[in-house]
Each structure stands twice: as structure tokens, then as C-alpha cells.
Amino acid sequence: MDGYQGLTALIESAWEELNGPDAGRRDLCLDAVSDVLESGRLTPGDAERVVERLVAISLSDESYSVRESALHAVSTASTHYELPYRVVQPLAVGADAFEPVLLDYVLGVLGSTHDQAVLPVVERFLQHPHPEVRREAAEAANEVRWSRERS
């Protein structure tokens, strides 16, 4: 098995573990997926498929720690891959359901897409009651605007 096959096998193993009932093990599996994404060695297409699955987990798992780990992995991916908005769009649709700490991840990921379509979502959070969320929303909006000016 070559190095790339080893990475994809690790991810597949993690997906299998995510079907288990133990939130602690599911959380650890997502840490392993995050480590693979951090390596930056996946193809863009494989990274997008992994992120799509992580987004679904972040929106649906009943465990806060699992949702946080999934969002951390998506955030990690957003620093190593250029994720198109369509891949993370479900986060924008479900943004209102996230706890403030998790919103920091969501807004950062949305901003990293540099897609103008995220601005209405991000700008909604500029009036959020939590200052950390407002700060992250402002940073995400600025990142998108800066990207537009640069291009």
C-alpha cells in the first residue's frame, strides 16, 4: 500500500468507526481525519468529499464534541485546500443552529471560500450577541471582500 492509499484507508477506517455508539471514539476518529487533511496530501476531489462528509456530521451528530471535531477538521481543510462554497454551503444553511463557539468555525470556513455568496450569511452574524461571533463574522466578511478586491 502506497502512502496515498494509506491516507485514504485511514479515512475509510474512521468513517467505519463513526457508526459506533461511543462519542469518545468518534471524536478520536475525526481527529485522525483532521490530521490527514492537515497533511495537504489528498487530491482536491478527495478532500472535498471528506469535507462534505464532515459537514454532514457537524450538522447531525448528537454529541457536541463530535460536532466540534468535525468542524475543526473542516477548518483545518480550509487552510490546506481551496474549498468551493458548494462543499460547505450546508453550514451556511444551518448556521443558526450552531452554538457560539462552533459558529467561530463555521464563519471562518465560510470566509475562507472567498465566495461572495457567503456575505449575506456572514453579515447576519455581525449583530450576534456574542462578541467572539461578531469578531469572526467581521473577519470572514473582510476576507471575502479583500479577495474580491484582489481579483
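What angle, in degrees between 0 and 90 and rounded to the nearest 10, separates the Cα long axis of helix 131-150 from the longest principal axis of the Cα atoms of the chain?
Between helix and principal axis, roughly 80 degrees.
Assuming a viscosity of 0.890 mPa s and a temperature of 25 °C, what translational diffusion coefficient in µm² per second does Stokes-Einstein assign to the stretch 95-151, Rh being the Kirkwood radius over Cα pairs?
225
In degrees between 0 and 90, to the nearest 10, how far off the longest principal axis of the chain does helix 3-17 point, with axes built from Cα atoms?
Between the helix axis and the principal axis of the chain, the angle is about 80 degrees.
When the accessible area of the stretch 25-139 is split by element with a 1.4 Å probe, what percent falls to carbon and sulfur?
Carbon and sulfur together cover 52 percent of it.
Tell me which GluC sites (Glu not before Pro) from the stretch 63-151 have a DSSP coil assignment and no more than 16 other beta carbons within 10 Å of their own.
Glu82
Given just the C-alpha atoms of the stretch 19-151, how large is their convex hull per residue in cubic angstrom?
99
Treating the angle as unsigned and between 0 and 90°, give the value, to the nearest 10°, between the Cα long axis of helix 23-39 and the longest Cα principal axis of the chain.
So the helix axis and the longest Cα principal axis differ by about 80 degrees.
Out of the GluC sites (Glu not before Pro) in the stretch 22-66, which ones are loop residues according to DSSP with at most 15 other C-beta atoms within 10 Å?
In loop regions of the stretch 22-66 (DSSP not H, G, I, E or B), the sparsely surrounded GluC sites (Glu not before Pro) are Glu62.
Sort largest first and round to whole Å: the equivalent ellipsoid semi-axes of the stretch 1-63, each the square root of five times a Cα gyration tensor eigenvalue.
Equivalent ellipsoid semi-axes, largest first: 20, 13, 9 Å.
If you count only protein heavy atoms with a 1.4 Å probe, what accessible area per residue comes out for the stretch 84-151, rounded to a whole Å²?
With all protein chains present, the stretch 84-151 gives 52 Å² per residue.
The values are calculated or read from the model by the stated rules, or taken from the named source; none is laboratory data. Just so it is clear, the structure is predicted and the values come from calculations on it, not from any experiment. Positions of Cβ are generated from backbone atoms using ideal geometry, with glycine treated the same way; all protein chains shown enter the neighbour counts. The area values use the complete protein model at the heavy-atom level, side chains included, leaving out ligands, DNA and RNA. Shrake-Rupley method; radii C 1.70, N 1.55, O 1.52, S 1.80 Å.
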